[in-house]
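**Student:** Please read through the structure below; I'll follow up with questions.
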C-alpha cells in the first residue's frame, strides 16, 4: 500500500489515541464535576455553619461585654467599700485611742479622789483634835473662875469651828465617796467601750482585708474577662473571615462546576464509541471530522494511484481490496478494531 497504508496506520493510531484521550477526559471531567458539586455542597454547608457560629460568637461577645461591665462595676464598688471600711477602721482605731485616754483620765480622777479623801480624813482628825483641845480649854477656864471667862469664850468658839470643820469634812468625804463610785462606774463603762471599740477595730480590719481581697479578685476577673472579650472578638473576626472564605469557596466550586459542564459539552462533540455516542448531543456527521486529515488522505491516495508502476511481463494478481480512482474518499467502513474507543472513527 505504500504511503497510503502508512498514512492510514498513522491516522488510525492517532484516532485511537485521540479516542482514548477524549474518553479519559470525559471520565476525569465527570469525576471532577462530581467532586466540584460535593465541594460546592460542603462549602455551602460550611458557610451556613460558619454564619451560625459567627452569630453565636456575636451573642457571646455581647454577653461577655455585659459581664465585663458588671465585673468592673463590682470591682469599683469593692474598691469604694474597701475605702469606706478603711475609714471605719481608722475611726474605730481613733475611738479606741480616745477610750483609752478616757480610761486613763478616769483612773487619774479616781486616784485624785482617793488622795482628797485622805486629806479630808486628815482634816477630820485635826477638827476632832481641835474639838478636844477646845473642850480641855473650857474646863481649864472654868477652873480659873472669873479670870478664865474670856478664855472660855474663845475656847467655845474654837470648839464650834472644829465641829463645823468636822461636819464639812464628813460632807466632803461623802461627796468624794459618791464621786469615786461614779468614777468607778465610768471607768468600767469606758473600759467596756474600749473593749468594744477594740473588737470593732479588729472586725473592721478583717472586713477591710476581705474587701481588699474581693477587690483584687474582681480586678483580676475584670482583666480576665477583658482578655476573654478580646479573644472572643478576635475569634469572631476570624469566623467572619472564614465565612467569607467559605462563600468564596462555594462560589469558586460553583464556577468550577460550570466550567466542567462547559468542558463536558465540548468533549461530548467527539465520538469515542457507544458510550460517547450516547453521551453526545447528537449523531456526528462526516463533515465534522478534521478537514485537514481528509484532504491529506485524498492527496496521498491520488499521488499513489498516479505513480504506481504496472509491469507488463508480470500477470496482474487479483487484489482483495483494489483501490479505484475516485475524486472522493472511498466508502467509509469502520476500522476492524476491538477497542470501543475507535468505533466512532472511519477508515479511508
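Every number in this text was worked out from the coordinates using simple rules, so none of it is lab data. All figures in this text were calculated on a predicted structure; none of them were measured in a lab. Cβ coordinates were reconstructed from backbone atoms using ideal geometry, including for glycine residues, and neighbour counts include every protein chain displayed.
**Student:** Can you give the FRET efficiency for residue 24 and residue 48, using 1/(1 + (r/R0)^6), R0 = 51 Å, r = Cβ-Cβ distance, to the nearest 0.05?
**Tutor:** Rounded to the nearest 0.05, the efficiency is 0.90.
**Student:** Work out how much length residue 168 to residue 91 would gain on full extension: take 0.36 nm times their residue separation and subtract the Cα-Cα distance, in nm to one decimal.
**Tutor:** Full extension of this stretch gives 23.1 nm more.
**Student:** Here's another thing I want to ask about it. How high is the FRET efficiency from residue 10 to residue 35, r the C-beta distance, R0 30 Å, rounded to 0.05? Working shown, then result.
**Tutor:** On the way: r = 37 Å, r/R0 = 1.22.
That pair, residue 10 with residue 35, gives E of 0.25.
**Student:** What is the distance in Å between the Cα centres of the range 174-248 and the range 104-157?
**Tutor:** So the separation of the two Cα centres works out to 69 Å.
**Student:** Hey, another quick one. Using Cα pairs closer than 8 Å and at least 6 residues apart in sequence, work out the relative contact order for the range 8-271, in percent. Could you put the intermediate results ahead of the total?
**Tutor:** Working: 218 pairs, mean separation 122.0, N = 264.
Across the range 8-271, relative contact order equals 46 percent.
**Student:** May I ask you to derive the FRET efficiency for residue 245 and residue 3 from their Cβ-Cβ distance with R0 = 56 Å, giving the value to the nearest 0.05?
**Tutor:** 0.40
**Student:** Taking square-rooted eigenvalues a ≥ b ≥ c of the alpha carbon gyration tensor, is the range 8-271 rounded, prolate or oblate, where a/c under 1.5 means rounded and, failing that, a/b exceeding b/c means prolate? Write out the running numbers ahead of the final one.
**Tutor:** Values: a/c = 14.88, a/b = 11.25, b/c = 1.32.
The shape class here is prolate.
**Student:** Turning to a different aspect of this structure: Could you work out how much longer the chain between residue 188 and residue 157 gets when fully extended? Use 0.36 nm per residue separation minus the Cα distance between them, nm to one decimal.
**Tutor:** 6.6 nm
**Student:** Treat each spin label as a single point 7 Å out from the Cα along the C-beta direction, and report the residue 199 to residue 238 distance in nm.
**Tutor:** Roughly 5.8 nm, to one decimal.
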